[in-house]
Structure formats: structure tokens, C-alpha cells
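Working notes for the structure below.
Since every read-out is calculated from the coordinates, none of them should be taken as a lab result. Keep in mind that what you see is a predicted model, and the values were worked out from it rather than measured. Backbone-built Cβ (ideal geometry, glycine too); neighbour counts: all protein chains shown.
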């Protein structure tokens with residue numbers, strides 16, 4: 001196994017399995033054929049034909065589109081056609097900074113192949129010799145998605161109506177008890193993207209990456225029940241775990257690989273160096 005294997009696992013996608021999802025004339029997502037046929041039961045919200053799925057005629061504002069979709073999505077959730085309802089809103093369409101065309105319940109976003117955003121923080125310390133050690137989280141065994149897998153120290157989805165840095169600070173407090181004055185030092189360092197087909201849809205997602213250097217005395221402590229343990233590992237162990245196992249949640253591997261590249265821990269002399277970098281931004 002290798003870094004390229006981890007990247008490839010995040011980018012398994014067959015476009016023939018999908019039709020476009022269109023809002024206000026703009027393609028904003030992708031819907032699997034089977035789910036698109038299910039949406040025909042909701043003509044007040046969606047128009048479905050062989051060329052794709054669009055919001056129904058006359059739904060011409062952010063508020064009206066969002067309300068019409070919500071009614072249909074809640075009914076789909078009630079019968080189990082959408083699972084994992086979160087009561088969290090994600091933006092749909094437009095640039096990340098807006099303006100957006102509508103918002104959608106987080107659980108429904110993959111069914112419509114809409115890009116979701118998230119923030120991921122590499123928490124690390126330096127030992128007495130200046131060598132990097134990384135904080136690694138283990139997801140709780142009862143977490144709704146990917147229970148028990150390794151994760152970045154801090155990570156969370158990016159809902160509509162909250163800034164990126166604000167979300168980093170909120171997630172840092174909830175997931176690792178990082179004080180405001182420490183979390184506010186997290187440095188934005190870029191982003192990684194991927195497109196993964198799932199059983200129900202696809203995830204053409206974008207993750208904003210942050211680095212947060214911590215004092216050696218700091219000990220993260222979870223407060224929201226989503227993390228069971230934290231480990232402080234030498235960066236070489238993190239590198240080997242990502243390259244040789246599937247222990248990390250699939251997309252968290254990308255954040256770690258990006259960190260290793262930026263810190264010079266993946267050598268540019270590697271024969272696959274360029275492919276690794278290109279693979280982080282699909």
C-alpha cells in the first residue's frame with residue numbers, strides 16, 4: 001500500500017451512474033439514477049427528466065427553494081430513503097463565500113452530490129530535539145459515521161452561516177478542549193479536494209486544512225462525545241499508519257499527507273511525488 005492508494009480510495013467515481021442536479025440553471029451536484037426516480041414523487045420540489053434533476057419551476061429564491069426541498073427531504077427521511085439526519089444546514093451552489101442558491105440538510109447533501117466543506121486541523125508539538133509529534137484522535141465507537149477510526153485532532157463539517165476560523169475555534173473547543181486563545185492561532189494552510197462515489201450518491205468535497213502547533217504540556221480532552229481517545233505519535237508513526245493501513249477515516253488521510261508534504265517529510269525525490277501532490281486536488 002502507499003500514499004497513492006489512500007488518495008485513490010477517496011476518488012472512486014463513475015460519472016455514468018449520475019445525472020446532474022441543477023438549481024437556477026446552474027449545475028451544482030450529481031444524483032444517482034435510482035434516487036432521481038425517487039424524486040419524481042415530489043413534483044412541487046423537483047423536476048426530473050432524462051437529462052437530470054432540477055428544482056421545480058417557480059422556485060426562484062433561496063428561501064423558497066430551501067423550503068420546498070426541506071419538505072420533500074423530511075418525507076424521504078421519514079421512510080428511510082435519507083438516513084443520518086443532522087439538523088445542520090449546508091450551502092448549495094455558488095462560491096463557498098456566497099451568494100448561495102439554497103441550503104440543504106447535511107444528511108441529504110451526498111444524495112444530491114453537492115460539494116460539502118469542512119475544516120481539519122493538524123495538531124502537533126515539537127519534542128526537545130525539535131522533531132514533530134502529531135496528535136491523532138480516535139472516533140467514538142458509537143459515532144454515526146466511521147466509528148472507531150483514527151481522525152485528525154480536530155475536524156468538522158462547515159455549515160452555512162459561520163466563518164471558517166469561527167468553526168475551527170468551535171470544533172477545537174468541543175472536540176479537544178482547546179482554549180480560544182490557542183485555537184485562534186490555527187494557521188490556514190490550504191485545501192484538499194476529492195470526489196468519492198458512495199452507495200447513495202457522491203461526495204465531491206473540499207476540506208480546508210489548518211496547522212496548530214501546541215505546547216508539549218497540552219492534553220486534548222473531548223467534550224462532545226465524538227472522540228474516545230487522543231494519541232501523541234511521532235510523525236514517522238503517523239506516516240507509516242497512513243501509507244500502510246486503512247486505520248484513518250478515508251479523507252483524513254489526505255489532510256495528513258498534505259501536512260507531511262508541506263513539512264518536507266515526503267521527499268520530492270520519490271518517483272510518485274508529483275502524482276501525490278496532484279492527487280490531493282481533484
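Below are the figures for this structure:
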{"read-out": "Residue 79-residue 126 pseudo-label distance in nm [points 7 Å out on the Cα-to-Cβ vector]", "value": "6.0"}
{"read-out": "Footprinting exposure proxy for 120, 33 (fewest neighbouring C-beta atoms within 10 Å first)", "value": "33, 120"}
{"read-out": "Computed Rg/Rh of segment 18-112, alpha carbon atoms with Kirkwood Rh", "value": "0.92"}
{"read-out": "Order of 66, 145 under a 10 Å beta carbon neighbour criterion, fewest first", "value": "145, 66"}
{"read-out": "Segment 174-215 residues near the modelled residue 262 label - backbone nitrogen below 13 Å, point 7 Å along Cα→Cβ", "value": "186-193, 207-213"}
{"read-out": "Candidates 89, 262, 138, ranked by Gaussian network fluctuation over the chain, Cα under 10 Å, top entry", "value": "262"}
{"read-out": "Kirkwood-Stokes translational diffusion coefficient of segment 194-281, alpha-carbon pairs, 4 °C, 1.567 mPa s, µm²/s", "value": "85"}
{"read-out": "Cα centroid separation - segment 64-110 against segment 166-215, whole Å", "value": "21"}
{"read-out": "Calculated FRET value between residue 16 and residue 219, using beta carbons and R₀ = 51 Å, to 0.05", "value": "0.55"}
{"read-out": "Helical mean residue ellipticity (222 nm; -39500 (n - 2.57) per DSSP H run of 4+; nearest 500) of the chain", "value": "-7500 deg cm²/dmol"}
{"read-out": "Contour minus Cα-Cα distance for residue 2 and residue 64 (0.36 nm per residue)", "value": "17.6 nm"}
{"read-out": "Packing-based exposure ordering (other Cβ within 10 Å, fewest first) of 189, 119", "value": "189, 119"}
{"read-out": "Segment residue 247-residue 275, extension gain: residue separation times 0.36 nm, minus the distance between their alpha carbons", "value": "7.8 nm"}
{"read-out": "Gyration tensor over alpha-carbon atoms, the chain, equivalent ellipsoid semi-axes in Å", "value": "36, 21, 16"}
{"read-out": "Between segment 148-162 and segment 247-282, the Cα center-to-center distance that results, in Å", "value": "19"}
{"read-out": "Net length gained if the chain between residue 88 and residue 189 were fully extended (0.36 nm per residue, minus Cα distance)", "value": "33.8 nm"}
{"read-out": "Three-way shape label, segment 86-151, alpha-carbon gyration tensor, a/c 1.5", "value": "oblate"}
